[in-house]
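Chemist: Quick one: the structure is below, questions incoming.
The values are calculated or read from the model by the stated rules, or taken from the named source; none is laboratory data. Just so it is clear, the model here is predicted, and its values are computed rather than measured. Here the Cβ positions follow ideal geometry from the backbone for every residue, glycine too, while neighbour counts run over all protein chains shown. Side chains included, ligands, DNA and RNA excluded: accessible areas come from the protein's heavy atoms. Shrake-Rupley method; radii C 1.70, N 1.55, O 1.52, S 1.80 Å.
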Amino acid sequence: MGAKLNKAEREALQALHVRLKSDYPKAFGGAAEQPFHRVAPLKRGIHKDIVAAYPDVSMMTVRKFINWYVYTPEYLRLTVLGAARVDLSGEAAGEVTGAEVEHAQTVLAKLAQRPGTPLRKADKSP
């Protein structure tokens with residue numbers, strides 16, 4: 001959901017994803033996992049933690065990455081009532097609320113209605 005990314009932006013998001021999977025496998029899945037593996041809903045405000053962990057990555061890149069990551073069907077399907085959210089180290093950091101479940105279901109319904117965009121288990125990379 002959102003604007004199309006240019007090639008440089010896609011490459012920056014992919015590079016960040018590789019780093020996060022390598023450095024924080026309990027939150028983002030390890031390098032050996034499927035390319036689009038999602039572990040659990042992420043902590044609210046995790047973008048601030050990512051910026052702190054990677055000062056060489058711009059806030060804009062982190063925000064675009066998070067936007068891509070949390071709006072994939074695979075991630076949205078993890079958004080169930082009471083599910084534990086995780087911080088970068090994979091530790092529990094809050095729970096999914098009813099309003100967040102409703103939002104996820106609304107977004108999934110909208111994605112399902114997009115022409116030519118069938119929902120799949122393996123979602124597109126940024």
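Chemist: Test of understanding: what is the full-extension gain from TYR71 to ASP56, defined as 0.36 nm times their sequence separation minus their Cα-Cα distance? It would help to have the intermediate numbers written out before the result.
Modeler: Details: separation 15, 0.36 × 15 = 5.40 nm, distance 2.44 nm.
Difference between extended and current length: 3.0 nm.
Chemist: Now, a different point. Order SER22, SER58 by their accessible area, 1.4 angstrom probe, all chains in place, largest first. Walk me through the intermediate numbers first.
Modeler: Details: SER22 80, SER58 55 Å².
Per-residue accessible area, sorted high to low, gives SER22, SER58.
Chemist: At a 10 angstrom cut-off on C-beta neighbours, averaged per residue, how do the peptides 77-84, 61-68 rank from highest to lowest? Let's see the in-between values first.
Modeler: On the way: 77-84: 14.1, 61-68: 18.8.
Order by mean packing, descending: 61-68, 77-84.
Chemist: Any of LYS4/LYS43; LYS21/LYS43; LYS26/LYS110; LYS43/LYS64; LYS7/LYS110; LYS7/LYS43 with alpha carbons more than 22 Å apart? Name them for me.
Modeler: On the way: LYS4/LYS43 25 Å; LYS21/LYS43 16 Å; LYS26/LYS110 30 Å; LYS43/LYS64 16 Å; LYS7/LYS110 26 Å; LYS7/LYS43 28 Å.
Check vs 22 Å cut-off fails for LYS4/LYS43; LYS26/LYS110; LYS7/LYS110; LYS7/LYS43.
Chemist: Hey, can you grab everything whose amide H is under 5 Å from the amide H of LEU42? Only 5+ residues off in sequence or another chain; H modelled, so Pro and N-termini drop out.
Modeler: Here VAL86 satisfy the definition.
Chemist: Also: Using protein chains only and a probe of 1.4 angstrom, how many square angstrom of HIS47 are accessible, to the nearest 10?
Modeler: Estimated to the nearest 10 Å², HIS47 gives 40 Å².
Chemist: Hey, rough spin-label estimate for LYS26 and ARG63, points 7 angstrom out along Cα→Cβ, what's it come to in nanometres?
Modeler: It is 3.0 nm.
Chemist: Suppose the chain between ALA83 and GLN113 were pulled fully straight at 0.36 nm per residue; how much longer would it get relative to their current alpha carbon spacing?
Modeler: Here the segment from ALA83 to GLN113 would lengthen by 8.2 nm.
Chemist: So, one more: Express in Å², to the nearest 10, the accessible area of ASP23 obtained by rolling a 1.4 Å probe over the protein heavy atoms while all chains stay in place.
Modeler: Approximately 80 Å² for this residue.
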